[in-house]
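The values are calculated or read from the model by the stated rules, or taken from the named source; none is laboratory data. Since the structure is predicted, the reported quantities are computational estimates derived from the model, not experimental observations. Neighbour counts are summed over all protein chains in view; Cβ atoms, including those assigned to glycine, are modelled from backbone coordinates with ideal geometry. Surface areas here come from the heavy atoms of the whole protein model, side chains and all, with no ligands, DNA or RNA. Shrake-Rupley method; radii C 1.70, N 1.55, O 1.52, S 1.80 Å.
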Amino acid sequence: MATRYYSDDDFEVGVTPSQLKRLGRARQIDYMRHWFSQHYEDPSNETPHSSEDGGFQYIWGGPYDAREELYDEFGALISEDRIDEVVKYVERHGTVDWAPGTAHADHQRARDEWNEEHKDDEEASPLVPIIRMLESGVVPKFGGQGELAQRQAIIARLDELESALASLKPAHGGFGHNKPPDDDPSPGGVIMEAREAGAEIRKELLKDVPNALAVARATSRLHLALGWFLKKADMVVDSFAKGLGDTSGKAAAVALGVYVVKETLPTVAQTLSEIVSVTTTWLQGVTFPF
């Protein structure tokens, strides 16, 4: 597939490298800024952090230097002074070491590995029958106050999920370790998966005619993430119970909502469970309307 570059106001058509080379200064800068924002991000967004181990743990790749990455991509197309202007812009808040963003090959590879590791779990998802029905050509039925009200309820819970996930950034210490064993997905990966799946559901439910199959597949991904969060939430409660030193510890931990950053784990698990439940109910309603 031929390379194309996009900008904030040109995210569908884009330009080829030769077209980009002929553009004026302002437009070239627009396309470079957009490219960088899609391929790189502040490590505080998703990257695990450990003060004991020297700071951010770049388990997804990196750290990347903005100047090096921009010159590698655009050095043969755009003048040095214009690239330097973009470097100055992206580093204006002090970030000089970058993690891979959503369009970066390392980010995509991590997501592919997640899907491969969990493909067997996905087959056990309660969404599988609905997904297969929709894949077979069943046409969903939308409309009516009840169906629209269900959508709004799902969106409200997605808002709660996004808020809870935002407070679970591994940059604030992770969940007790920063480089998980091979059989345990990293916190950053699970948070990323849940956030992207939630965004996909929201995008579709805001449409007049949602893509029910896309919603079902994204909800299945949330179902997988739910299992991970439930396991971690239990670990947090058990750990706190041991700290209290008596059998009432676990009950106290649940009642008090004992956490630090970890306090949000039970909240995320509960919110994910509610989203999976209400979205599955909505999907059943629009897929099997009679």
remark   = Note: F142 to D8 extended length (0.36 nm per residue) minus current alpha-carbon separation gives 45.0 nm
task = Give the ranking of D9, D159, D30 by solvent-accessible surface, highest area first, calculated with a 1.4 Å probe.
result = D9, D159, D30
query = Roughly how many Å is it from the Cα centre of the range 56-108 to that of the range 1-51, as a whole number?
reply = 10 Å
query = In debye to the nearest 20, how big a dipole does the range 5-107 give about its Cα centre with +1 on each Lys and Arg Cβ and -1 on each Asp and Glu Cβ?
reply = 540 debye
query = What order do R132, R25, R157 take when sorted by accessible area (1.4 Å probe), most exposed first?
reply = R132, R25, R157
task = Give me the percent of the accessible area of the range 1-92 that comes from carbon and sulfur atoms, probe 1.4 Å, all protein chains in place.
result = 46 percent
